[in-house]
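Participant: Mind having a look at this structure? Questions to follow.
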Amino acid sequence: MAQNIPTSQVIYPANVPGLRKAWTYTTDDAITSSPLAIDGIISISSEDHTVSVLEVRSGKLIWRYTAEAAISSTPAYADDVLYVSSHDHTLYALEARTGALLWSYHTGNASETFPAVADNIVYLGSEDHTLYALDAATGDPLWSFATDGRIQSAPVVADGVVYLSSWDHTLYALDGATGELVWNYTTEGSISASPAVANGVVYVGSQDHRLYALDTETGKKLWSYQASDIILSSPVEALETVYVGSHDGTLHAIYAQTGNQRWSSKTRGAITSSALVADEVIYIGSQDRTIYAFSAITGNLLWNYTTNGAIVSSPAIAEGILSVCSQDGTIYAFSSDLLWSYTTKGSIEAAAAVSGDLVYVGSLDHHVYALDELTGDELWHYLTEGSVFSSPSVVDGVVYVGSKDYRLYALAASTGARLWSSRTEGSIFSSPTVAQGTVFVGSQDHTFYAFDMNTGELLWSFVTGGPIDSSPAVSERTVYVGSYDRQLYALDMFDGTERWHYETGGAIQSSPAIAEGIIYVGSRDHLLYALDARAGERLWTYQAGDSIDSTPCVVNGIVYVGSHDHRLYALDAKTGKAYWDYTTGGVVDSSPTVADDVVYVGSQDHTFYALNTQTGEKLWSYTTGGPIVSSPTVANGVIYIGSNDRSLYAFSLISISSAAKQQ
């Protein structure tokens with residue numbers, strides 16, 4: 001029926017070239033550890049002795065913990081606890097949300113590697129040649145295993161077996177519960193890279209220039225691959241391919257089944273970090289100070305960004321943010337303007353609604369869709385009997401939306417099950433408004449309706465002289481709505497009694513907006529009206545160059561409104577004085593939205609615009625495949641807009657803001 005792009009991540013091959021720096025956070029010394037991103041937070045360790053936990057989307061510091069020495073270790077996470085080791089010979093267990101110390105354990109030497117956690121056991125290798133196994137809850141030692149060399153790699157646990165590499169040239173397989181040796185395999189060089197385990201095979205690189213593939217059961221060599229230099233990078237297996245970097249700056253892609261080379265790509269510095277593969281893109285840092293994104297299929301370069309220090313950190317992706325640490329002491333976070341898009345079989349002229357972690361939108365393909373806020377994945381859809389021009393309203397777990405099939409629907413927000421529907425005598429283009437237990441909506445049968453929000457029972461109705469496409473606004477016991485009969489009506493919200501009406505010079509499709517006792521509404525007589533909300537008396541008007549079907553947006557004393565003359569206007573809310581206008585390439589029916597001093601609006605020239613609220617200067621734009629009539633919706637750092645190309649788009653406000661600052 002419909003499709004969304006992508007299926008699993010919000011950074012994917014098509015939008016990787018558009019990655020922008022979203023935020024940075026700088027510590028007081030170099031960062032050699034990798035970021036750990038999970039559950040909305042990102043944790044980093046620094047040579048300045050600190051562990052810092054940040055918000056993934058903003059980079060805002062949540063807490064910081066200071067150890068007694070430098071920290072090169074990447075934290076490990078399990079059950080809301082962070083485990084991190086330090087050069088002060090200590091492993092720390094910290095409460096992930098607060099940074100409170102739960103316990104610590106002293107090893108025999110510094111640890112540069114990061115711990116692994118599995119089955120309530122924490123495993124940590126140390127420069128004292130020993131692997132320690134500790135109780136994850138208490139830090140009590142369970143067992144230890146001594147090798148003949150330094151341990152600078154992280155242990156990997158799979159199916160109850162711990163795989164550990166050492167500078168004594170050997171990869172060890174140990175029983176995770178007891179520490180007993182299962183098997184070992186000796187290479188011709190020291191091993192400082194961590195192994196990777198996938199599909200019954202353990203992969204490990206050695207300073208003898210080779211990548212080894214060993215059977216996890218027996219340790220028998222299945223194949224080895226001759227790289228172009230020593231391997232300090234830990235391999236990663238994905239897409240039936242093993243990816244590993246070498247010290248001469250080459251990223252190797254090797255077929256997992258045969259050990260034959262698939263492709264290789266060159267950077268300008270040594271690669272000691274591990275790669276990250278996500279949605280057919282491979283990300284890798286290099287000591288040439290650059291993070292790279294290559295196609296995982298072809299090895300073609302998609303994107304790169306150069307920092308001010310060597311990158312020995314492995315990148316991470318979470319919640320649409322790509323992050324990597326640099327030895328310049330900074331963690332860099334990148335996001336794409338476009339997080340995801342979802343394509344239906346009909347134009348999307350309605351605005352989206354966001355509630356909880358779901359996005360709701362209607363389409364002219366007769367459906368209402370519920371999509372995952374983060375990925376755009378469809379959770380459910382509901383088929384009406386007509387096109388859905390109406391924007392949904394979501395209140396108390398119920399989605400209210402009108403359809404061209406004459407009906408107003410109430411759907412369960414979690415499942416899409418129909419709770420009730422009420423029929424009018426005309427198509428519903430108007431978007432419902434819910435207040436005081438009542439759903440208000442207009443119909444093209446000339447009538448304005450008030451339904452009980454729980455049952456759909458008609459409470460009252462009011463007949464005008466024309467179709468009602470305008471969406472109602474409610475304030476202080478009064479509901480306001482426009483009609484094609486040129487009138488703006490003020491009605492008692494409880495019984496529908498008319499309080500006043502005001503006649504403009506043209507049909508009203510614009511929806512009214514209320515701010516500080518003033519109601520603003522556009523008309524097809526080319527005028528924007530400002531009326532006293534109590535009395536309906538005109539305070540001022542502003543004449544545009546054509547009809548105004550756009551709904552005004554009032555923020556910080558400025559009214560923003562679009563017109564068929566292709567312009568977006570910014571007017572003084574008290575006087576109607578024009579501050580600026582911006583000309584697009586098409587009719588502006590879209591209603592503007594303001595967020596963080598940026599006004600967003602769509603145009604029928606196919607383009608979605610971000611403008612400076614004070615000057616009207618264009619800060620950013622994105623061109624879709626069709627006219628934009630839909631209005632933007634902002635929620636949780638994301639802005640949504642529909643297009644007549646049949647797609648709903650989700651953009652990162654962080655990325656757009658970053659792009660705007662670079663103007």
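Participant: Restricting attention to region 53-73, does a residue exist that is of a type in the set (Lys, Arg), part of a loop (DSSP other than H, G, I, E, B), touching a helix residue (DSSP H, G or I) at 6+ places or on another chain (Cβ under 9 Å) and open to solvent by 10 Å² or more (accessible area, probe 1.4 Å)?
Facilitator: yes
Participant: Restricting attention to region 78-119, which residues are over 16 Å from ASP140 (Cα atoms) and of a type in the set (Asp, Glu)?
Facilitator: ASP79, ASP80, ASP88, GLU95, GLU112
Participant: Out of TYR172, TYR185, TYR163, which single residue is under 39 Å from the mean Cα position of the chain (by Cα) and either assigned to a loop (DSSP other than H, G, I, E, B) or of a type outside the set (Val, Ile, Thr) (or both)?
Facilitator: Numbers: TYR172 fails: under 39 Å from the mean Cα position of the chain (by Cα); TYR185 fails: under 39 Å from the mean Cα position of the chain (by Cα).
When all the criteria are applied, what remains is TYR163.
Participant: Oh, and also: Please find, among VAL561, VAL588, the residue that is modelled with pLDDT of 95 or more, within 23 Å of ALA530 (Cα to Cα), assigned to a loop (DSSP other than H, G, I, E, B) and not basic (Lys, Arg).
Facilitator: Step by step, each of VAL561, VAL588 is checked, and only VAL588 is modelled with pLDDT of 95 or more, within 23 Å of ALA530 (Cα to Cα), assigned to a loop (DSSP other than H, G, I, E, B) and not basic (Lys, Arg).
Participant: Moving on to the next point. Give the number of residues within region 378-437 that are under 17 Å from SER347 (Cα atoms), outside any strand (DSSP E or B), open to solvent by less than 40 Å² (accessible area, probe 1.4 Å) and not small (Gly, Ala, Ser).
Facilitator: Residues that pass the stated criteria total 5.
Participant: Taking the options LEU338, LEU322, name whichever one is within 30 Å of PRO592 (Cβ to Cβ) and under 18 Å from the mean Cα position of the chain (by Cα). Write out each step before concluding.
Facilitator: Working: LEU322 fails: within 30 Å of PRO592 (Cβ to Cβ).
Among LEU338, LEU322, only LEU338 is within 30 Å of PRO592 (Cβ to Cβ) and under 18 Å from the mean Cα position of the chain (by Cα).
Participant: Do you know which residues across region 446-470 are open to solvent by 20 Å² or more (accessible area, probe 1.4 Å), among the polar types (S, T, N, Q) and assigned to a loop (DSSP other than H, G, I, E, B)?
Facilitator: ASN454, THR455
Participant: Does at least one position in region 265-272 carry a residue that is in contact with a strand residue (DSSP E or B) (Cβ under 8 Å, 6 or more places away or on another chain), over 21 Å from THR113 (Cα atoms) and without any contact (Cβ under 8 Å) to a residue 24 or more places away in the chain?
Facilitator: Looking through region 265-272, at least one residue is in contact with a strand residue (DSSP E or B) (Cβ under 8 Å, 6 or more places away or on another chain), over 21 Å from THR113 (Cα atoms) and without any contact (Cβ under 8 Å) to a residue 24 or more places away in the chain.
Participant: At least 2 residues that are of a type in the set (Phe, Trp, Tyr) in each: list the strands (runs of 3 or more DSSP E) lying fully within region 254-308 that qualify.
Facilitator: Correct list: 290-295, 301-306.
Participant: Just to be sure before I move on: is GLY557 open to solvent by 10 Å² or more (accessible area, probe 1.4 Å), more than 26 Å from SER58 (Cβ to Cβ), in contact (Cβ under 8 Å) with a residue 12 or more places away in the chain and not hydrophobic (A, V, I, L, M, F, W, C) in the structure I sent?
Facilitator: Details: open to solvent by 10 Å² or more (accessible area, probe 1.4 Å): yes; more than 26 Å from SER58 (Cβ to Cβ): yes; in contact (Cβ under 8 Å) with a residue 12 or more places away in the chain: yes; not hydrophobic (A, V, I, L, M, F, W, C): yes.
For GLY557, the condition - open to solvent by 10 Å² or more (accessible area, probe 1.4 Å), more than 26 Å from SER58 (Cβ to Cβ), in contact (Cβ under 8 Å) with a residue 12 or more places away in the chain and not hydrophobic (A, V, I, L, M, F, W, C) - is met.
Participant: Cβ contacts < 7 Å: first residue of a type in the set (Ser, Thr, Tyr), restricted to region 457-474; second residue open to solvent by 40 Å² or more (accessible area, probe 1.4 Å), any location; separation 6+ or different chain. Result?
Facilitator: From residues that are of a type in the set (Ser, Thr, Tyr), the pairs are THR464/HIS446; SER470/GLN509.
Participant: Sticking with this one: Of everything in region 582-602, what is surrounded by 20 or more Cβ atoms within 10 Å (Cβ to Cβ), of a type outside the set (A, V, I, L, M) and free of Cβ contacts under 8 Å to residues at least 40 places away in the same chain? Give them in sequence order.
Facilitator: TYR582, THR584, listed by residue number.
Participant: Only one of (1) touching a residue at least 24 places away in the same chain (Cβ under 8 Å); (2) closer than 15 Å to ALA573 by Cβ; (3) open to solvent by 10 Å² or more (accessible area, probe 1.4 Å); (4) not aromatic (Phe, Trp, Tyr) is not met by GLY517, so which one is it?
Facilitator: Of everything listed in (1) touching a residue at least 24 places away in the same chain (Cβ under 8 Å); (2) closer than 15 Å to ALA573 by Cβ; (3) open to solvent by 10 Å² or more (accessible area, probe 1.4 Å); (4) not aromatic (Phe, Trp, Tyr), GLY517 misses just condition (1).
Participant: Here is a further query. Looking at (1) of a type outside the set (Asp, Glu); (2) on the phi < 0 side of the Ramachandran plot; (3) open to solvent by less than 70 Å² (accessible area, probe 1.4 Å), which one does GLY99 not meet, given that it meets all the others?
Facilitator: So GLY99 meets the others, but not (2).
Participant: For region 604-644, give me the residue count where each residue is open to solvent by less than 30 Å² (accessible area, probe 1.4 Å) and in contact (Cβ under 8 Å) with a residue 40 or more places away in the chain.
Facilitator: 20
The values are calculated or read from the model by the stated rules, or taken from the named source; none is laboratory data. This is a predicted model, so every value here is computed, not measured. Reconstructed Cβ throughout: ideal geometry from the backbone, glycine too, with neighbour counts over all protein chains shown. When the accessible area is computed, the model is the full protein with side chains, heavy atoms only, and any ligands, DNA or RNA have been set aside. Shrake-Rupley method; radii C 1.70, N 1.55, O 1.52, S 1.80 Å.
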